Amino acid sequence: MKLAFIFSFILSIVHSILFVEQEVGISVFLFVVTALIFLITVLDKQKKIKNRKALLLVVPILLLSATYFIFNNMFFKITNIFAILLLFLIMIIIATLGELRPSRLIINIFDMLFGCVEETGNAAREFSNNFSVKKSNSKEKNKNTSFRKILKAILISLPLVIIVLVLLSVADEMFASIFKDIFVKLKDLINLETIYKLYGRIVIITLLTMYFMSFTLKIVHDGIRGNKETKAKLKIEGVTVSTTLTLLNIIYLVFAAVQVIHIIDYSKINSTFDYAGYARTGFFELMTVSLINFLVILITKNNKKEITKTTGKYIKIMNILLALFTVVILITSIIKIQMYEDQYGYTFLRIMVYMIQITELMLIIPTLVYIVKDKFKLSRWYLTIIVAMYLVVNFMNIDNIIAKGNVDRYFLGKGLEKKIDFYYLKRTSTDAIPEIIRLLNSNDKELRINVNNYLYDEYEKLKEKDVTFQNFNISEIRAKKQLEKLNLNHQTFNRLLNGI
């Protein structure tokens, strides 16, 4: 399959150019675009696409890859690698199988990532065939012969040409100046370090070409394993299901009532109350309860044991109550986190808690429809909501929001300590710099010195950074321009101490 080889080889070279000895930036976006074009073209040519709606996942994949040159948050730089890969694989599964089957998702993913090893032999043969000389007609033979003769002539004459050039350069300085740059570059090319790097790149390109080809051939030739749904069916007695749901709802009713009472009376809590422990405990309780609730609903809904019509209706009502209690618990948890933030400010974890809770609230809607409606594609809605919310979190510029929220609180004098945790702000990315700059207007001399020192160091790092097209990043460029206007230097410390 020549097309697979060509695209795999090109993709490997693109990978080498964009990532080897380079920091990530726009390079991720360029590589993802190339990989998507390669994959979709091959699948389309081989007529393996059964569901073209799967290609809609190209949009979130491209958006996530674009965050690498728009923002600079290290957490998302790491997690987005896995998110992009996961969406990429899910897109292939839906496109080739026609639908997403949650029960087989993990098996399918592992089969694509590691099952392609079985195709290594075919990939190796394809690789060698494309580099070997095949039998051809007389005209092609003549062309190959002519090309070989020219190449042989160049290789033989090259050493002689170099010797003559060296001798003439020694003889005449004007002549030597013409070829000076050429000799410098030749010297760089033949040094040992360059040879090792070149050898390393060739090895990486070869291995990646083999893997990309094996991956492609696996999908095209064998398809994805685990296509058939499992024959095993869950069967639980109706009485057991009804009893379990009833007991859980009673427990959640009591739990929800206690939470509501705490929230109503929180203003009466004395200053020694552990806000941090209260909020964190609520969050982990929420996560556990929510997971249990979602799991119970899915299990009871998929129960294949024959039950009476009355029992079936009762189970539906209990599942609806279970979902509604989850909403109550989520809302009370959001209020508790809000209490905690009012006292101690914003952090990455606290913002993420909000987003997780909002996502869970949104997931309740399709879950309720799934309980009532027998034939409902729940996995499709879950995937859509989770991907959409993950995109929102990526593009909301979370570091900037954290910095803005904390700086606003500081100037308004909010919170128990009436201070700002600048040590935490220093650990954010360049996305937060536009808001941190505002702290230079603080009345706290020590804080102004620390802020000035931090911004000066960041500016020096940005100035020293070797900017290439691979590591192009809008956040860093914007921060550098803003810091450049401040004309920061260490001499300002003395003036700050004197109140200037």
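The values are calculated or read from the model by the stated rules, or taken from the named source; none is laboratory data. These numbers come from a predicted model, not from an experiment. Cβ: placed from backbone, ideal geometry, glycine included. Neighbour counts: every protein chain shown.
Brief remarks on what is shown
- Restricting region 73-114 to residues that are at pLDDT 90 or above and not aliphatic (A, V, I, L, M) leaves a set whose member that is nearest to residue 33 (Cα to Cα) is 88.
- Selection within region 234-281: residues that are within 37 Å of the chain's Cα centre (by Cα) and at pLDDT 70 or above. The member of this set that is surrounded by the fewest Cβ atoms within 10 Å (Cβ to Cβ) is 255.
- Members of region 472-500 that are modelled with pLDDT of 90 or more and outside any helix (DSSP H, G or I): 472, 473
- Residues (closer than 14 Å to residue 238 by Cα and buried (at least 16 other Cβ atoms within 10 Å of the Cβ)) located in region 312-329: 314, 315, 318, 319
- Given (1) without any contact (Cβ under 8 Å) to a residue 40 or more places away in the chain; (2) farther than 30 Å from residue 85 by Cβ, index of the condition residue 350 fails: (2)
- Within region 438-467, the residues that satisfy the criterion of being of a type in the set (A, V, I, L, M, F, W, C) and assigned to a helix (DSSP H, G or I) are 439, 440, 447, 449, 451, 455, 462.
- Restricting attention to region 46-98, the residues that are surrounded by fewer than 15 Cβ atoms within 10 Å (Cβ to Cβ) and within 18 Å of residue 400 (Cβ to Cβ) total 2.
Conditions tested, residue by residue: (1) under 19 Å from residue 482 (Cβ atoms); (2) free of Cβ contacts under 8 Å to residues at least 40 places away in the same chain; (3) among the aromatic types (Phe, Trp, Tyr).
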{"position": "381", "(1), (2), (3)": "no, yes, yes"}
{"position": "384", "(1), (2), (3)": "no, yes, no"}
{"position": "387", "(1), (2), (3)": "no, no, no"}
{"position": "404", "(1), (2), (3)": "yes, yes, no"}
{"position": "422", "(1), (2), (3)": "yes, yes, yes"}
{"position": "434", "(1), (2), (3)": "yes, no, no"}
{"position": "440", "(1), (2), (3)": "yes, no, no"}
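- Test result for residue 27, surrounded by 20 or more Cβ atoms within 10 Å (Cβ to Cβ) and assigned to a helix (DSSP H, G or I): yes
- Unmet requirement for residue 90, which otherwise passes all of (1) under 15 Å from the mean Cα position of the chain (by Cα); (2) closer than 27 Å to residue 433 by Cβ; (3) in contact (Cβ under 8 Å) with a residue 40 or more places away in the chain: (2)
- Residue selected from region 62-86 under the condition assigned to a helix (DSSP H, G or I) and polar (S, T, N, Q), by the criterion nearest to the chain's Cα centre (by Cα): 80
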